[in-house]
Amino acid sequence: MVALALGTFTVVTSEMLPVGLLTPMGQSLQVSEGVAGLTLTITGLVAAVSAPVLVPKLGRADRRTVLCVLLAVLVIGNAGAAWAPNFAVMVVARVLVGVGMGGVWAVAAGLAVRLVPARSVGSATSLVFSGIAVASVLGVPAGTYLGALTGWRTAFLAAAGLGVVVLVAMAVLLPPLPTERAVPPGGVLGLFGDARVRTGLVVVGFVVTGHFAAYTYVRPVLEDVSGVGAGMIGTLLLAYGIAGVAGNFLAGAGAARSPRRTLLVISSVLAATVLALPWLGGSPALAAVLMAVWGLSYGGVSVATQTWLLLAAPDAREAASSLFAGVFNGAIALGALVGGLAADGVGVTAVMWVGGALAVGALVTTAAGPAPAPVRPPK
């Protein structure tokens, strides 16, 4: 379970590094902040396509071997990003990161149920997805600090080195994981016929698109609204990430009891916080509070929505996880794109209005759509 959590930590850190490095990356590659944000869009879009496409093609391949190969692809992508002399090379590198990330996420997300007793599945799933929250606590802020100290390229090189370490850890620590059943080519898309699955995916689309429309450009927003420097940005992202870890485990426990109620709370708090930041974030202290509340709410999104989908499709966990990874990462790409258009076309603060409005859409969908029944844990 620790190896899987390290895997999600590594792929999310790799994906999200541009968030804290957006300004220096844009200057070095001679592109605007909106264009630099496309490095996140590209990765998310590729991951969105690769996750549901890869799973049926994996057949009965041992999932431990698959995870190691995908991590190797991720390492090559991060190394290429560190070397990239121009934006075109950076695009190719981020495509490789997207392939590795989408595959790792789709495979790892559904493995917790195979590695622990039934009574521990909820906490084990939270542990796997804690890698996402811890990536915000350690990965993105560490990359931001490292970029400020030694240059943004060093941060990508460090991510490549981390990928090598995790690849070895998975090869050593994971047991052989032959697939339970091969996913037929139409098995993934066939899940769209279930209204509960559709509702969960729409909620993912709304809340993740809204979050990343705002969060991708949080550095320039904080610089403009709160007047903080590069060093303080890392501190605010750290506050966000620490709260996100707590939110992940709180939501994991709550989602097992009622995924609908948990997501109603998450989307409400997320909408209110994102919309409040331009109004109340004028000082570093207030900005830190808002970032912490933002992290607490968004930290629970991954585990709560994954739990929703696994409860909606208990007999097709890997297929559901691949759809989840595809929609989640497609929403990351769309959010970064929409945020970039808003930032370049209207002004950087506009990304917060877009993010808040989409979070309201998630709230409405969660309240109105059919939800899966929670599973009572065995005594």
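The numbers here are math on the coordinates, done by the rules we state, and not lab data. Quick caveat, the model's predicted, so the values are computed rather than measured. Cβ atoms come from the backbone with ideal geometry, glycine included; neighbour counts cover every protein chain shown.
Converting phi to 3J(HN,Hα) with the Karplus coefficients 6.51, -1.76 and 1.60 and the offset θ = phi - 60°, segment 16-21 yields 8, 3, x, 4, x, 10 Hz in sequence order, with x at every glycine or proline. Projecting label points 7 angstrom from Cα along Cα→Cβ for VAL69 and GLN27 puts them 4.2 nm apart. Each residue of segment 231-245 is assigned a 3J(HN,Hα), and the resulting list reads x, 5, 4, x, 5, 5, 5, 5, 4, 4, x, 4, 5, x, 4 Hz, derived from the Karplus form 6.51 cos²θ - 1.76 cosθ + 1.60 (θ = phi - 60°), x at Gly and Pro. By other beta-carbon atoms within 10 Å, ranking TYR217, TYR240, TYR145, TYR298 with the fewest at the front produces TYR145, TYR240, TYR217, TYR298.
Taking other Cβ within 10 Å of each residue's Cβ, how do MET352, MET170 sort, fewest first?
Ranked by crowding around the Cβ, least crowded first: MET170, MET352.
Sorting PHE9, PHE156, PHE87 from the fewest to the most surrounding beta carbons within 10 angstrom yields PHE87, PHE9, PHE156.
Set against the labelled values [x] 19.0, 60; [y] 22.9, 83; [z] 24.5, 84, Rg and Dmax of the Cα atoms in Å computed from this structure falls on [x].
Could you compute the FRET efficiency for VAL364 and VAL168, with r as their C-beta to C-beta distance and R0 at 45 Å, rounded to 0.05?
Working from the Cβ atoms, E equals 0.50.
Along segment 217-222 the Karplus relation, 6.51 cos²θ - 1.76 cosθ + 1.60 evaluated at θ = phi - 60°, assigns HN-Hα couplings of 10, 5, 4, x, 5, 5 Hz to successive residues, with x for each Gly and Pro.
Model label sites at LEU149 and ALA246, defined 7 Å from Cα along the beta-carbon direction, differ in position by 2.7 nm. Placing a label point 7 Å from the Cα of LEU138 along the Cα-to-Cβ direction, the residues of segment 4-29 with a backbone N closer than 15 Å are 4-14. Taking packing as the residue-averaged number of other Cβ atoms within 10 angstrom, the listed peptides 201-207, 76-82 run from highest to lowest as 201-207, 76-82. Dividing the summed -39500 (n - 2.57) terms of all DSSP H runs of n ≥ 4 by the residue count of the chain sets its mean residue ellipticity at 222 nm at -27000 deg cm²/dmol.
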